[in-house]
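Quick notes on the structure that follows.
The numbers here are math on the coordinates, done by the rules we state, and not lab data. Everything numeric here is computed off the predicted structure, so don't read it as measured data. Reconstructed Cβ throughout: ideal geometry from the backbone, glycine too, with neighbour counts over all protein chains shown.
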Ligand code: WQD
């Protein structure tokens, strides 16, 4: 049974990926510093799958801690989620983001190299496309970033491509996520934002459960069908399954591949809000506000490469994404403790 180290494995996308890895027959080891998640997530993974992953409470800035994990376990591949991910926060504290997301990641790659583990799936983001010239966005589109968080994702992609040039034995999958939302259908794991959510769907979920008064719609004067921002929302379980497909490919091929993980469909803010109203059975209040600085009008994926190379495509529709998000919210009013 192949052994997979999942960094950030108690986080939102990490935990869903651990579930799919275990159910696909992999042995999973989780590394997390629990900065933005709870160890209780491991018990939820066990409840869903019957298996509790081996856990190391370790920070990727801890070089010795990383070396110990590779010394104590024969790790066949790594899926790397651990990192800070708030766009707005990254603008306020860029050095913290560069230290954690770049230095921490380089520590991991060095520990992998020393241990002879050269297969990696990296959590990148569609944010590397900046303001795309058109949609759908293909992997060969120009890249440019507008905030430190996005820059750390692009820099990791560049670092890993350089590693593959220096050593053709490496296999690296650079997965560019569009907008992950939703939760596992069991309602046992899902997104638990720290504080007031920056992202749309976790914010709507708080309006729906009454902890926030109304949704602020950041602009309705974009060149889109209803004037509000359009994004490619993808169910977190579909995203997790995309990682399994990418891992399988990486274990059979060498070199680096950039791959979009999206649905290829764009939905506006108001379309998502209405889908959530359907899901929760309530009318949800909103107010049209000014545009949010840095936002783009629209962004959705060309999904052809993921289908042709990995044989993967997203299955859930926007209604299911909202229903599963609401189900998790109702079952976990105080998050996962
Ligand atoms: C979606 C749409 C907003 C909140 C970000 C990161 C990206 C990735 C996903 C990590 C936009 C509108 C939002 C609200 C709103 N994260 N909105 N009211 O900005 O597309 O992407 O999260 O990888 O890197 O940039 O996602 O959910 O913040 O916004 O009207 O309270 O919803 O204007 O049109 P975004 P988002």
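Spin-label point model (7 Å from Cα, Cβ direction): what's the residue 288 to residue 216 distance in nm?
That separation, rounded to one decimal, is 1.7 nm.
Given bins 10 angstrom wide, list per bin the percent of all Cα-Cα distances in segment 1-82, short to long.
Cα pair-distance distribution for segment 1-82, in percent: 20, 57, 22, 1.
Helix 12-23 against the longest principal axis of the chain: what's the angle in degrees, Cα atoms only, rounded to the nearest 10?
60
How many angstrom lie between the Cα centre of segment 40-90 and the Cα centre of segment 95-168?
What the calculation gives is 18 Å, centre to centre.
Return P(r) of segment 52-123 (all Cα-Cα pairs; 10 Å bins starting at 0; whole %; ordered from short to long distances).
19, 50, 24, 7
Using Cα pairs closer than 8 Å and at least 6 residues apart in sequence, work out the relative contact order for segment 1-86, in percent.
39
Would you mind checking the tilt of helix 104-115 against the longest principal axis of the Cα atoms of the chain, expressed as 0 to 90 degrees and rounded to 10?
30
At a temperature of 10 °C and a viscosity of 1.306 mPa s, determine how fast segment 183-289 diffuses translationally according to Stokes-Einstein, using the Kirkwood radius over alpha-carbon pairs as Rh; express D in µm²/s, rounded to the nearest whole number.
The calculation lands on 99 µm²/s.
Once the principal axes of the Cα atoms of segment 239-337 are found, what is the range along each, listed largest first in whole angstroms?
Largest first, segment 239-337 extends 50, 34, 24 Å along its Cα principal axes.
Within a 10 angstrom radius of the beta carbon, how do 299, 117 rank from fewest other beta carbons to most?
Starting with the residue having the fewest Cβ neighbours, the order is 117, 299.
So what's the angle, to the nearest 10 degrees on a 0 to 90 scale, between helix 148-166 and the longest Cα principal axis of the chain?
Relative to the chain, helix 148-166 is tipped by roughly 30 degrees.
Given the chain, what percent of its DSSP beta bridges are antiparallel, to the nearest 5?
5
Let a ≥ b ≥ c be the square roots of the eigenvalues of the Cα gyration tensor of segment 186-229; is it rounded (a/c under 1.5), or, if not, prolate (a/b larger than b/c) or oblate?
Here segment 186-229 falls in the prolate category.
If packing is taken as the average number of other Cβ atoms within 10 Å across a peptide's residues, how do 98-109, 278-289 rank, most packed first?
The packing order, highest mean first, is 98-109, 278-289.
Calculate log10 I(q)/I(0) of the chain for q = 0.09, 0.10 Å⁻¹, where I(q) comes from the Debye formula with a single equal point scatterer on each Cα and nothing for solvent.
With one equal scatterer per Cα and no solvent, log10 I(q)/I(0) is -0.44, -0.56.
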